[in-house]
Amino acid sequence: MIFENEYSEEAKEIYKIDTSHKSGDYWHIEIKGLEEGCFYGYKVFKESLDKEIFSTNLLLDPCSRAIGGWGKFSRKNDSPFKNALKSIVCERDSFDFKKYPRPKHSWQNTIIYELHVGAFTQELQDSVSKDANGSFLDLIQKIPYLKSLGITSIELLPVFAFDSNDAPLGRKNFWGYSPINWFTPHIDFSKDKNPLKVRNEFRELVKTCHLNNIEVILDVVFNHTTEGNELGPIISWKGFDKNLYYHIGKKNEFLDVTGCGNTIAAHKPHVRNLIIESLHCWANELGVDGFRFDLGIALTRGENLNPLENPALFEAIETDPKLAEIKIISEPWDCGGLYKLGDFPAKNIGTWNGHFRDEVRKFWKGDKNIVWHLSDKLIGSPKIYKPGDNRNLKSINFITAHDGFTLNDLVSYNQKHNFANGENNKDGENHNNSWNHGIEGPTRDPQLKKLRKQQQRNFLTTLFISKGIPMLSMGDEISRTQGGNNNPWCQNSPLNWMPWSESKWDKEMLEFTKALIHIRKKYIFLFNPNIHLSQSNDIDSVGEAMHWYQWHGTKPCRPDWSGWSHTLSFSINSGNHGSILWVAMNAFSQGITFEIPKCKSKWVKLIDTSSSKIDIKNTTENKDNIIDIKSKSIVLMIAKDLESQ
């Protein structure tokens with residue numbers, strides 16, 4: 001059905017597609033004379049014994065590159081045409097990789113910064129109109145800030161077209177985990193809300209990122225759609241064939257392991273091909289450098305939601321030459337209880353390491369029985385990820401992410417405070433491993449404020465000195481707070497926004513974070529997740545091995561793995577010539593004296609989280625063989641001959 005404009009209530013042309021336009025399972029038609037900007041949609045009917053039964057809904061083309069009708073769109077769809085979204089014919093040009101080549105950062109050099117386009121740019125101070133903030137073009141203004149941090153890649157929360165009305169009454173779906181289409185950039189991220197310009201606006205963002213050596217990774221939602229269950233709206237997939245696109249139960253009910261009413265049947269060839277085509281669109285037409293699959297493990301389920309050992313979707317992605325240069329990351333859990341981290345059923349896909357997050361949080365909170373588990377996470381989680389050349393490259397390490405407390409809130413709240421979301425505080429994670437350090441929320445107590453900042457530095461330092469791929473969440477570098485809300489998915493407000501007034505920044509935390517990233521990059525040969533370092537406490541067994549881990553406690557070669565231990569130290573050694581890096585972590589409630597192992601040359605203290613600053617240019621030599629490490633702090637020392645390089 002062809003329409004005059006996006007709000008037309010009647011079609012100006014109707015083409016009936018009969019079986020002469022069907023090849024195998026595919027329906028097709030060529031209509032000559034259609035130009036870019038033409039509005040269209042589908043109505044689907046099935047033959048009954050005595051009549052033809054039409055769907056009452058106008059359906060979006062699942063492959064639409066542009067969509068119109070947003071101004072009057074309603075989930076209720078009271079008027080089949082007037083309130084319906086319409087597909088738009090538009091260009092499918094390839095991205096100009098010759099002029100704007102991919103940065104192609106190796107996994108070992110990758111540092112990810114997760115952000116939401118709208119939340120990151122909504123509070124910009126230098127935009128002409130505040131109502132126009134929150135767009136791809138606004139984000140371009142802040143590329144210099146991102147570059148100054150030292151990160152290599154930005155990971156954008158969903159930018160697929162989504163239904164902002166899929167939220168409780170009086171609120172909006174702000175985060176975007178409610179896709180209407182897998183090919184079209186979200187209209188609200190367009191500067192002037194023009195559906196034919198939004199693709200090029202997104203391209204401009206990618207071009208600017210590439211020119212600044214920053215990769216663009218998208219958080220993609222293929223596990224479910226905004227159509228919900230049998231009570232949800234019919235917008236696209238459901239109207240064409242719900243039994244094809246969704247997992248449907250024996251009682252004709254929608255099966256749900258996503259928490260959103262439905263689950264996409266990615267094991268079916270036609271659905272798999274559609275997902276692959278979407279990836280091609282974003283990677284090759286729009287220039288994207290990587291994808292992070294929301295609840296990606298749900299896409300590995302087969303008939304009756306049974307987990308597949310070799311899911312065809314990820315096999316197809318990993319063998320697709322058009323996606324060979326693309327980074328692929330997945331969330332390894334879903335809401336149905338399936339959790340595969342090291343055993344995620346794909347060879348080269350990185351996974352969000354929730355165990356890293358949880359055990360680092362528990363250690364600095366002061367939990368018991370955690371030191372042994374923490375040691376595994378510091379060296380790339382080899383007990384989780386199977387041996388192999390790329391095992392450490394699979395671990396995406398993070399302390400916080402969009403769905404949870406910010407770093408500031410992690411050390412300021414024991415409980416979530418999500419009443420603003422309109423669900424009586426029932427939404428959001430209840431088990432956060434957070435600690436308010438004695439007072440819930442903001443405080444004027446100077447000692448408590450100092451301790452909370454020190455704990456934030458502990459978390460950041462642990463993140464950047466651990467093997468794996470580090471991911472930093474938006475605003476943690478300036479101590480952004482969400483007031484204890486750990487699930488602000490429906491909040492387009494300062495609660496979710498990145499503050500750009502520097503008076504709201506913790507500038508010392510910002511400089512500390514920049515220094516940590518600088519140190520990780522400078523000494524990447526020690527932190528490189530692609531290089532496996534052996535472990536030993538027996539120097540004679542090491543021989544001339546280049547670098548290796550050695551575990552210590554408060555005394556060299558005597559780690560304390562007991563359940564009541566709150567300390568851990570380790571060194572990276574150069575063959576049998578001595579240590580070249582030493583890290584000591586004290587999560588105990590009191591300061592502790594540590595003996596320092598013998599250095600290959602002389603020790604230089606590079607990081608001490610009891611201090612708010614890292615002075616890279618003016619490091620001090622440590623002449624003693626002991627050091628007092630304050631409560632809740634980390635000290636990192638480097639061999640002087642390395643520090644001077």
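Summary table below
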| item | result |
| --- | --- |
| Filter result (of a type in the set (S, T, N, Q) and either buried (at least 19 other Cβ atoms within 10 Å of the Cβ) or under 19 Å from His186 (Cβ atoms) (or both)) within the range 84-97 | Ser87 |
| Matching residues in the range 435-458 - criterion: being closer than 17 Å to Lys613 by Cβ and open to solvent by less than 10 Å² (accessible area, probe 1.4 Å) | Gln455, Gln456, Asn458 |
| Selection count, the range 19-39, where residues are open to solvent by 80 Å² or more (accessible area, probe 1.4 Å), part of a loop (DSSP other than H, G, I, E, B) and either in contact with a Leu (Cβ under 6 Å, 6 or more places away or on another chain) or at pLDDT below 90 (or both) | 1 |
| Answer residue from the range 225-248, given it is aliphatic (A, V, I, L, M) and over 23 Å from Ser64 (Cα atoms) and is surrounded by the most Cβ atoms within 10 Å (Cβ to Cβ) among those | Ile248 |
| Strands (runs of 3 or more DSSP E) wholly inside the range 539-622 containing at least 3 residues that are closer than 13 Å to Met637 by Cβ, in contact with a strand residue (DSSP E or B) (Cβ under 7 Å, 6 or more places away or on another chain) and touching a residue at least 12 places away in the same chain (Cβ under 8 Å) | 567-574, 579-586, 603-608, 620-622 |
| Hey, Leu244 in a loop (DSSP other than H, G, I, E, B), farther than 30 Å from Met471 by Cβ and either at pLDDT 95 or above or aliphatic (A, V, I, L, M) (or both) or not | no |
| Residue within the range 196-211 that is assigned to a loop (DSSP other than H, G, I, E, B) and open to solvent by less than 10 Å² (accessible area, probe 1.4 Å) present | no |
| First in the range 171-183 and modelled with pLDDT under 95, second anywhere and open to solvent by 20 Å² or more (accessible area, probe 1.4 Å), Cβ under 8 Å, 6 or more apart | Arg171/Gly422; Arg171/Gln491; Lys172/Ser164; Lys172/Asn165; Lys172/Asn492 |
| All positions within the range 300-349 that are farther than 24 Å from Trp282 by Cβ, assigned to a loop (DSSP other than H, G, I, E, B) and of a type in the set (A, V, I, L, M, F, W, C) | Leu308, Cys335, Leu338, Leu341 |
| Subset of the range 288-328 (residues that are of a type in the set (Val, Ile, Thr), over 21 Å from Thr225 (Cβ atoms) and touching a residue at least 40 places away in the same chain (Cβ under 8 Å)) | Ile326 |
| Per-region count, the range 146-185, residues basic (Lys, Arg), part of a loop (DSSP other than H, G, I, E, B) and under 29 Å from Asn397 (Cβ atoms) | 0 |
| Any hit, the range 356-364, residues being in a loop (DSSP other than H, G, I, E, B) and open to solvent by less than 10 Å² (accessible area, probe 1.4 Å) | no |
| Any hit, the range 249-258, residues being open to solvent by less than 20 Å² (accessible area, probe 1.4 Å) and not hydrophobic (A, V, I, L, M, F, W, C) | yes |
| Members of the range 238-269 that are without any contact (Cβ under 8 Å) to a residue 40 or more places away in the chain, of a type outside the set (Gly, Ala, Ser) and under 10 Å from Leu305 (Cα atoms) | Ile248 |
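The values are calculated or read from the model by the stated rules, or taken from the named source; none is laboratory data. As the structure is a computational prediction, the values presented were derived from the model and not from experiment. Note: ideal-geometry Cβ built from the backbone for every residue, glycine included; neighbour counts use all protein chains shown. The protein model used for the area step is the full one, side chains on, heavy atoms only, and it has no ligands, DNA or RNA in it. Shrake-Rupley method; radii C 1.70, N 1.55, O 1.52, S 1.80 Å.
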